[in-house]
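Enquirer: This is the structure I have questions about; it appears just below.
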Amino acid sequence: MSKLHASLVIILLWAALPGTGARAEGTVENVLAAVVGVRAEVPDSARTAASLGTERVGSGVLIDTSGLIVTIGYLILEARTAEIMLADGRRLPAEIVGYENTSGFGLLRAIGEVRVRPIRLGDSSSLRENAPVLAVSFGGPGGVRPAAVTSRREFAGYWEYLLDEAIFTSPPHPAYGGAALLDGEGRLLGIGSLAVSDARPGEFSPGNLFVPIDALKSVIGELLIDGRPRARVPPWLGVFTSEERERLFVAQVARDGPAERAGIVPGDVIERVAGKPVVSMADFYRKVRALGEAGVTVPLTVSHNGERRDVDIVSADRYRWLRLAPSN
């Protein structure tokens, strides 16, 4: 596809979305330029090196004129160095600004002059099922894919991650990590996080999960100052779980984490939290968090090969377990 043909395709895609009608080519090019490439180097000693790798590449979105970029946090988590790639071929070093554990957002700032107009933040709370959107990754017109919102619902991840109202879209974008989810005005609605097989609940439907941008708005000031939120720190246990046959199994425990220290092992079935039955992964997380902040003791009832036992886990702050460091 020629550059001219690709540009015309993108203009037509934008014009098809509800909003102000056809977009000027310059506006489209500005939006494409504001979706940048992100590359981070993570040391072998990082807690997440084995699961996420030591070289991470994805996308990010320029959101202010000072070079501030929002991306999905796992791209820069525990990174020592990072850089951004621009549409004009330039590469700039970047400072890692902050990471928000609850939502999964990451912030970094380009070191040097970006010379790109930022993308405005939209209102993800108003996004409804069947709404047409564009998923945009770094790489110019070839990174733009039309999509539709297939669901707004909670999402529980096996790594003690819970979103109350994630954005699910289809068809899937292959380069979803840190990709921008945009409305017809070119406003940012979400950041790409995962490939999923159930974009439509209850059926096999490949798609993506985007983290709603509204979750960033309330914490961005704290991330800019402290690198993390100041609000209540949820208790972290260091368990990786899976739901099977309506039971919650421990698939793995974090090395040197609270669960491992308390004697939780893979294959344990989590039955109760503080005496209350666990009915799902999301229910487990909510019951744990209802007990208090990081540091609170979490009483669990678990079983293994038919033997039941009670275990008290002294929870921790995940930020302290991670080997976080600023960019060099």
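Bear in mind these aren't lab numbers, they're just calculated from the coordinates by the rules spelled out. No experiment lies behind these values; they were computed from the predicted model shown. Note that each Cβ is placed from the backbone with ideal geometry, even for glycine, and that neighbours are counted across all protein chains shown.
Enquirer: Is the shape of segment 166-227 rounded, prolate or oblate, going by the alpha carbon gyration tensor and its root eigenvalues a ≥ b ≥ c, with a/c under 1.5 for rounded and a/b larger than b/c for prolate? Please report the intermediate quantities before stating the final value.
Expert: Values: a/c = 2.45, a/b = 1.97, b/c = 1.25.
The shape class here is prolate.
Enquirer: Can you list residues from other chains, or at least 5 along the same chain, whose modelled amide H is less than 5 Å from the amide H of Val298?
Expert: The list, which skips near neighbours in sequence, is Ile313, Val314, Ser315.
Enquirer: Still on this structure, please answer the following. Could you run the Karplus curve 6.51 cos²θ - 1.76 cosθ + 1.60 with θ = phi - 60° over segment 226-242 and give me ³J(HN,Hα) per residue in whole Hz, x for Gly and Pro?
Expert: Whole-Hz 3J(HN,Hα) from phi for segment 226-242: 10, x, 7, x, 9, 5, 3, 8, x, x, 10, 9, x, 10, 10, 10, 9.
Enquirer: Projected onto the charge dipole of the chain (+1 at Lys/Arg Cβ, -1 at Asp/Glu Cβ, origin at the Cα centre), which of Leu52, Thr71, Ile111 gives the Cα projection farthest towards the positive end?
Expert: Ile111
Enquirer: When a/c is below 1.5 the answer is rounded, else prolate if a/b is larger than b/c, else oblate, so apply that to segment 205-260 with a ≥ b ≥ c taken from the square roots of the Cα gyration tensor eigenvalues.
Expert: Details: a/c = 3.12, a/b = 1.40, b/c = 2.22.
Taking the square roots of the gyration eigenvalues as a ≥ b ≥ c, segment 205-260 is oblate.
Enquirer: Still on this structure: Mind listing the phi-derived Karplus ³J(HN,Hα) values for segment 195-201, rounded to whole Hz, using 6.51, -1.76 and 1.60 with θ = phi - 60°, and x for any glycine or proline?
Expert: Working through the residues one at a time gives 8, 10, 9, 10, 4, 9, x Hz.
Enquirer: Got a sec? Charge dipole of the chain, +1 on Cβ for Lys and Arg, -1 for Asp and Glu; which of Ala316, Val273, Gly184 is way out at the positive end?
Expert: Checking the options against the dipole of the chain, the answer is Gly184.
Enquirer: Rounded to the nearest 500, what is the 222 nm mean residue ellipticity of the chain from helices alone, with -39500 (n - 2.57) per DSSP H run of 4+ residues and division by all residues?
Expert: -4500 deg cm²/dmol, from helical runs alone.
Enquirer: Would you work out the charge dipole size for segment 131-191 about its Cα centre, treating the Cβ of every Lys and Arg as +1 and the Cβ of every Asp and Glu as -1, and quote it to the nearest 20 debye? Could you put the intermediate results ahead of the total?
Expert: Details: 4 positive and 6 negative charges, 48 e Å.
Here segment 131-191 has a charge dipole of around 220 debye.
Enquirer: Right, here's the next one. Label-point separation (nm) for Glu41 and Ala274, each offset 7 Å from Cα along Cα-to-Cβ?
Expert: It works out to 4.6 nm between the two label points.
Enquirer: When only Cα pairs under 8 Å and 6 or more residues apart are kept, what is the percent relative contact order across the chain? Show your work: numbers first, answer last.
Expert: Working: 811 pairs, mean separation 47.9, N = 328.
It comes to 15 percent, rounded to a whole number.
Enquirer: Given that just one value was derived from the coordinates, which of (i) 29, 50, 20, 1; (ii) 34, 62, 5; (iii) 31, 55, 14, 0 is P(r) over Cα pairs in 20 Å bins from 0, in percent?
Expert: (iii)
Enquirer: Give the long-range amide H neighbours of Ile167: residues separated by 5 or more places, or on another chain, with amide H under 5 Å away, using H modelled in the peptide plane at 1.01 Å from N.
Expert: Here Phe210 satisfy the definition.
Enquirer: Separate question: Check which residues have an amide H placed less than 5 Å from Val196's amide H, if you skip close sequence neighbours.
Expert: Gly207, Asn208, Leu209
Enquirer: Modelling each spin label as a point 7 Å along the Cα-to-Cβ direction, I'd like the Arg230/Ser125 distance in nm, to one decimal.
Expert: With each label placed 7 Å out from Cα toward Cβ, I get 2.2 nm.
Enquirer: Now a separate question. Dipole of the chain, Cα-centred, from +1 at each Lys and Arg C-beta and -1 at each Asp and Glu C-beta, to the nearest 20 debye? Don't jump to the answer; show the numbers that get you there.
Expert: On the way: 36 positive and 38 negative charges, 56 e Å.
With only Lys, Arg, Asp and Glu charged at Cβ, the dipole is about 260 debye.
Enquirer: About the Cα centre, and with charges only on the beta carbon of Lys, Arg (+1) and Asp, Glu (-1), how big is the dipole of segment 163-252? Nearest 20 debye, please.
Expert: On the way: 8 positive and 12 negative charges, 56 e Å.
The dipole of segment 163-252 has a size of about 260 debye.
Enquirer: Could you give the length gained on full extension between Tyr158 and Tyr319, defined as 0.36 nm per residue of separation minus the Cα-Cα distance, in nm? Mind dumping the intermediate values first?
Expert: Working: separation 161, 0.36 × 161 = 57.96 nm, distance 1.76 nm.
Gain in length upon complete extension: 56.2 nm.
Enquirer: Apply the Karplus curve 6.51 cos²θ - 1.76 cosθ + 1.60, θ = phi - 60°, to the phi angles in segment 95-100 and return the couplings in whole Hz, x for Gly and Pro.
Expert: 3J(HN,Hα) across segment 95-100, in whole Hz: 8, 7, 8, x, 9, 10.
Enquirer: Something else about it: For segment 25-150, what's the relative contact order in percent, using C-alpha pairs closer than 8 Å and at least 6 residues apart?
Expert: Working: 270 pairs, mean separation 33.1, N = 126.
Averaging sequence separation for qualifying contacts and normalising by length gives 26 percent for segment 25-150.
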